[in-house]
Amino acid sequence: MAAFERTVADFTGAGEAVAVSSGTAALHAAMYAIGIGPGDEVIVPPMTFAASANAVVYQGGAPVFADVEPDTLLIDPGSVEARITPRTKAVVAVDYAGHPCDYDALRALTSRHGLALVSDACHSLGGEYKGGKVGALADLTVFSFHPVKHVTTGEGGMIVTGDPALAGKMRLFRNHGITTDHRERSEQATWHYEMVDLGFNYRLTDFQCALGISQMRKLPRWIARRQEIARNYDAAFAASEAFNSLTRRENVSHAYHLYVIQLEQALLKADRSRIFSDLRARGIGVNVHYIPVHLHPFYRKRFHTGPGDCPAAERAYERILSLPIFPAMSPKDVDDVTSAVMEVIRAHLAGG
């Protein structure tokens with residue numbers, strides 16, 4: 001495990017890395033490390049997988065949903081600032097689709113208000129912001145090694161940080177709150193250990209870590225292929241007025257976990273669900289990422305969230321489609337996707 005942690009820490013430029021059993025476990029460990037507890041608020045965007053907010057709830061805190069920028073679907077720093085209260089303890093920045101957030105603006109906000117900045121970079125391993133690698137832009141950065149991510153260990157996660165004290169807390173947390181693991185006790189020739197806090201069994205296995213090391217060697221070329229596919233999509237779709245691709249800022253290297261388009265519903269003769277179904281019928285594996293977290297029944301009931309809380313995210317949800325993008329796609333696969341998208345869109349523009 002230590003070798004895999006060192007590989008990821010070195011790749012990202014972070015001083016410390018802590019491997020855990022999933023991306024969700026990584027988010028949970030991060031919330032534990034920064035001391036989230038009952039009465040604390042953590043600002044998160046709604047355009048993400050539910051785990052980004054769930055980890056706050058696991059620790060007894062309350063997620064507060066800040067809206068997103070309409071063109072990138074990244075957390076809007078202005079919306080974040082409007083939601084800061086005396087109870088706010090941290091901000092979670094989600095690098096939606098693989099596009100790094102505006103870390104300069106977020107860092108300025110969190111520094112001014114004395115808040116922790118956590119990067120949910122489960123989409124953006126291998127990405128960069130203003131020449132700095134994702135992993136060295138926030139107090140804590142969380143990665144996922146789920147099978148659909150850039151690097152997989154079958155299932156797994158990692159938190160990187162420049163703070164050794166935070167790393168120590170997370171290592172304790174992943175091992176039941178016990179002060180030493182079996183390797184350390186073997187090296188010290190002792191049986192003695194102490195459980196000093198309530199932790200979890202969030203350890204990642206050694207054979208998963210071996211797979212992760214192998215995968216990390218391939219990451220640069222996989223990112224390059226994802227970026228190439230995205231450029232092909234950009235070129236194929238540039239002239240369409242019926243939909244647009246999300247904005248990519250000039251100062252980032254986008255990791256392209258997702259390639260997302262937004263439909264111009266006012267121009268189309270069908271809603272998104274029909275276009276989704278027509279593309280699926282043609283064998284194109286489109287998807288929708290995500291249902292805004294604040295609209296899920298659990299959050300509506302528990303935290304009284306609902307429609308109107310985050311208008312930009314809610315409008316985007318009605319319009320977005322994720323297109324297939326993965327390194328093994330052949331040029332023909334990419335052409336098949338672009339042809340199918342354009343044919344289906346043309347049909348729905350004509351009222352078909």
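The values are calculated or read from the model by the stated rules, or taken from the named source; none is laboratory data. All values derive from a computational prediction rather than experimental measurement. Glycine gets a Cβ as well: all are built from the backbone with ideal geometry, and neighbour counts include every protein chain shown.
Scanning region 55-79 for residues that are over 20 Å from SER124 (Cα atoms) and polar (S, T, N, Q) yields GLN59, SER79. Among the residues of region 120-134, count how many are of a type outside the set (Ser, Thr, Tyr) and touching a strand residue (DSSP E or B) at 6+ places or on another chain (Cβ under 6 Å). Residues meeting the conditions: 6. Listed by first and then second residue, the pairs linking a residue in region 223-238 that is assigned by TED's automatic domain parsing to the domain that holds ILE345 to a residue that is of a type in the set (Ser, Thr, Tyr) and in a helix (DSSP H, G or I), with Cβ atoms under 8 Å apart and 6 or more places separating them unless they lie on different chains, are ASN232/THR338; TYR233/THR338; ALA236/THR338; PHE237/THR338.
The criterion of at least 1 residues that are free of Cβ contacts under 8 Å to residues at least 40 places away in the same chain and touching a Pro at 6+ places or on another chain (Cβ under 9 Å) is met by the following helices (runs of 4 or more DSSP H) wholly inside region 1-79: 51-58. Take the residues of region 225-263 that are under 19 Å from GLY285 (Cβ atoms) and over 23 Å from the mean Cα position of the chain (by Cα): which is surrounded by the fewest Cβ atoms within 10 Å (Cβ to Cβ)? If we take residues in region 225-263 being under 19 Å from GLY285 (Cβ atoms) and over 23 Å from the mean Cα position of the chain (by Cα), then ALA236 is surrounded by the fewest Cβ atoms within 10 Å (Cβ to Cβ).
Could you give every pair whose Cβ atoms fall below 7 Å, whose first residue belongs to region 299-319 and is over 21 Å from ASN287 (Cα atoms), and whose second residue is of a type in the set (D, E, K, R) and part of a helix (DSSP H, G or I), counting only separations of at least 6 or pairs across chains? Here the result reads GLY306/ARG300; PRO307/GLU314, each pair linking region 299-319 to a residue that is of a type in the set (D, E, K, R) and part of a helix (DSSP H, G or I).
Pairs are defined by a Cβ separation below 8 Å, a sequence spacing of at least 6 or placement on different chains, a first member in region 264-293 that is of a type in the set (Ser, Thr, Tyr), and a second member that is crowded, with 19+ Cβ neighbours inside 10 Å and assigned to a helix (DSSP H, G or I); the pairs so defined are TYR290/TYR317.
Working carefully through the options HIS176, HIS123, HIS113, find the one that is under 22 Å from the mean Cα position of the chain (by Cα), touching a residue at least 12 places away in the same chain (Cβ under 8 Å) and over 15 Å from ALA14 (Cβ atoms). On inspection, the qualifying residue turns out to be HIS123. Any residue in region 144-161 that is within 14 Å of HIS254 (Cα to Cα), surrounded by fewer than 24 Cβ atoms within 10 Å (Cβ to Cβ) and small (Gly, Ala, Ser)? No, that holds for no residue.
Scanning region 80-100 for residues that are on the phi > 0 side of the Ramachandran plot and either in contact with a strand residue (DSSP E or B) (Cβ under 7 Å, 6 or more places away or on another chain) or assigned to a strand (DSSP E or B) (or both) turns up just one, ALA97.
Within region 320-335, the set of residues being free of Cβ contacts under 8 Å to residues at least 24 places away in the same chain and hydrophobic (A, V, I, L, M, F, W, C) comprises ALA328 only. Taking (1) within 23 Å of ILE43 (Cα to Cα); (2) at pLDDT below 95 in turn, GLN265 satisfies each apart from (1).
On the given criteria, is MET170 in a helix (DSSP H, G or I) and buried (at least 24 other Cβ atoms within 10 Å of the Cβ)? Answer is yes for this residue.
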